[in-house]
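Have a look at the structure below, then the notes.
The values are calculated or read from the model by the stated rules, or taken from the named source; none is laboratory data. Everything numeric here is computed off the predicted structure, so don't read it as measured data. Heads up, the Cβs are rebuilt from the backbone with ideal geometry, glycines too, and the neighbour counts pull from every protein chain shown. What goes into the accessible areas is simple: the full protein's heavy atoms, side chains included, and nothing from ligands, DNA or RNA. Shrake-Rupley method; radii C 1.70, N 1.55, O 1.52, S 1.80 Å.
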Amino acid sequence: MRDLASYLPCLVNRIGVRPAGAFGKKLAAHDITLPMWRAGRVAQERRPTGGPARRGVLVELTQAGARLAQMIVPRALHYEEVALRDFDGADTEALKDMLVRVHDNIGALEEEGRERGRRSA
């Protein structure tokens, strides 16, 4: 039987959960939950796209939210710095590129699920 400690989805989950728990505690001091933080990050990065046919919700930060984000973002970046402490710039970029590719590849599983759904309908 394969050792699931090195199973990619488990590794990725462990990498995400560990700092999220610690960072969530920092956010709680500001009465913010991790889902609220994530929505705020999207609001800071989101650009208007598409028209009325697109599904989704436009999220905008208030001025107070933007000020809070400016205070918290450096703390968030610190978690990344610690996680990548032993990586040089090239390794960091390569790792991020590979993770984006893995994410994109996993999209094929969603397509497989849609195909199965169409066949069974």
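Laid out as a table, the results:
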| read-out | value |
| --- | --- |
| Kirkwood Rh and Cα Rg combined as Rg/Rh, the chain | 1.03 |
| Most mobile of Glu81, Glu111, Glu60 in a GNM of the chain (Cα contacts under 10 Å) | Glu111 |
| Helical contribution to [θ] at 222 nm, DSSP H n ≥ 4, -39,500 (n - 2.57), averaged over the chain, rounded to 500 | -24500 deg cm²/dmol |
| Spatial extent of the range 70-121: Rg and Dmax, with the Cα atoms as the point set, Å | 17.9, 51 |
| Where the chain is the region considered: accessible area per residue in Å², 1.4 Å probe | 84 Å² |
| Whole-Å distance, taken between Cα centres, linking the range 9-45 and the range 63-95 | 12 Å |
| Selected from Asn105, Pro9, Leu58, residue furthest toward positive end of dipole (the chain; charges at beta carbon) | Leu58 |
| Cα→Cβ-extended label distance, 7 Å offset, between Phe87 and Arg118, nm | 3.6 nm |
| Point-charge dipole on Cβ atoms (K/R +1, D/E -1) for the chain, about Cα centre, debye to 20 | 580 debye |
